[in-house]
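Q: After the C-alpha cells below, expect a handful of questions from me.
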Amino acid sequence: MIHRMIFVPPKPGITEEEFQRHWKENHVPLAIKMPHLKPYLISFKIPFLEDQGNDLFSGGVSESWFENENAMLEAIQSKEYIQGARPDEPNFVAFWQIFVLDTEDYVLKEKDALKQESSLVKMFILLKRKPGMSLAEFRQYWLETHSSLVLNLPGIRRYVQCHVQDYFYVIGESSFDGVEQIWFDDTQAIEKMMKSPEYQDKVMPDMENFVEPKYIFRFVTNEYWAAGEPVY
C-alpha cells in the first residue's frame with residue numbers, strides 16, 4: 001500500500017483558521033470523490049517545536065492511502081481531481097510550494113489502534129541519509145538499529161517509519177528518504193521525552209550515524225480524519 005503525504009503550505013494572506021476551515025469544509029468534499037482513495041487524513045501543524053527549523057512546514061499534511069501505484073495514478077488523473085479538487089487548491093494553498101512524498105509504512109509500535117476521533121498529537125520527523133550512505137544501508141540502519149532506541153523513549157504511544165518509495169529515485173534524488181511518525185498523549189509528553197536521557201544521550205547522537213543533521217525537520221500536528229477508517 002502507498003502512503004502519500006502532501007505537505008501543504010497556506011496561501012499568503014489567509015489566517016490559520018481560514019486555511020483549516022477551507023480545507024475541511026470546501027476541499028475535503030471535493031477530494032474524497034477521487035476514485036481509489038482509501039482513508040484520507042489531514043494533519044494540521046500546531047505551534048510547537050518552533051525552534052526546530054520547520055518553517056518550511058507551516059500548514060498541514062494531506063495523508064492518503066492507495067492500494068498500489070496504478071490506483072494512485074488513476075486517482076490523480078481522474079476528472080474528480082482535475083475538474084474538482086485541483087482547481088480549488090489555489091483558493092487556500094501556496095501551491096507552488098507543495099511537495100509530495102510517497103512512502104511504504106512500517107508499524108513498529110501500535111499500543112492502541114488508530115481512531116478517527118483521537119486526542120493524540122503526532123510528531124513528524126523528515127530525514128535525509130548522510131552523504132556516502134546508500135539508500136539500502138540507510139533503510140536497514142533506520143529500521144533495525146535506530147528504531148530500537150526510539151522504542152525505548154518515554155511517552156510514545158505509536159511509532160511508524162515511512163520509507164520513500166523506490167520510484168522517487170528513478171530520475172534523480174528524493175528530497176527526503178523517510179518520515180518518522182510518533183504519537184504522544186500531548187505536547188507535554190513530547191517535551192518530557194525530548195529532555196529524557198534516552199533521547200539526549202542515545203537517540204540524538206545515533207542520528208549522526210545515518211542522517212544528515214541539517215536536513216532533519218520536525219513538527220507536531222493534530223489529526224483530522226476526513227474520510228475512511230484508519231489503515232493501522
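The values are calculated or read from the model by the stated rules, or taken from the named source; none is laboratory data. Only a predicted model underlies this, so the values are computations on that prediction, with no experimental measurement involved. Cβ placement follows ideal geometry from the backbone for every residue including glycine, while neighbour counts extend to all protein chains displayed. Remember, those area values only see protein heavy atoms, side chains included, never the ligands or the DNA or RNA. Shrake-Rupley method; radii C 1.70, N 1.55, O 1.52, S 1.80 Å.
Q: Carbon and sulfur together cover what percent of the accessible area of the chain at a 1.4 Å probe radius?
A: Answer for the chain: carbon and sulfur cover 49 percent of the accessible area.
Q: Once label points are set 7 Å from the Cα along Cα→Cβ at both Lys192 and Glu212, what is their separation, rounded to one decimal in nm?
A: If labels sit at Lys192 and Glu212, their model points lie 3.6 nm apart.
Q: Per-residue ellipticity at 222 nm for the chain, helices alone: DSSP H runs ≥ 4 residues times -39500 (n - 2.57), over residue total, nearest 500 deg cm²/dmol?
A: About -4500 deg cm²/dmol.
Q: Also, quick follow-up: Please list, in chain and number order, the residues 5+ apart from Lys38 or on another chain whose amide H is under 5 Å from its amide H, with Hs placed from the backbone.
A: Long-range HN contacts for Lys38: Trp65.
Q: Once you charge only the Cβ atoms, +1 for Lys and Arg and -1 for Asp and Glu, what is the size of the charge dipole of the stretch 112-232 about its Cα centre, to the nearest 20 debye?
A: That gives the stretch 112-232 a dipole magnitude of about 180 debye.
Q: Additional query: With a 1.4 Å probe and all protein chains left in place, how much accessible area per residue does the chain have, in Å²?
A: 49
Q: If you don't mind, there's one more thing I want to ask. Give me the accessible area of Tyr141, 1.4 Å probe, in Å² rounded to the nearest 10.
A: 50
Q: Below 22 Å Cα-Cα, how many Lys pairs turn up in the stretch 77-232? Only count pairs eight or more apart in sequence, or on different chains, if you could.
A: 17
Q: Specify whether the C-alpha gyration tensor of the stretch 78-174 places it in the rounded, prolate or oblate class, a ≥ b ≥ c being the square roots of the eigenvalues: rounded for a/c under 1.5, otherwise prolate if a/b is larger than b/c and oblate if not.
A: Note, shape of the stretch 78-174 comes out oblate.
Q: Which lysines have a Cα lying under 20 Å from the Cα of Lys11, excluding residues fewer than 8 positions away in the same chain?
A: Lys24, Lys45
Q: Using a 1.4 angstrom probe with every protein chain in place, what is the largest-first accessible-area order of Thr145, Thr187?
A: Sorted descending by solvent-accessible area, the residues read Thr145, Thr187.
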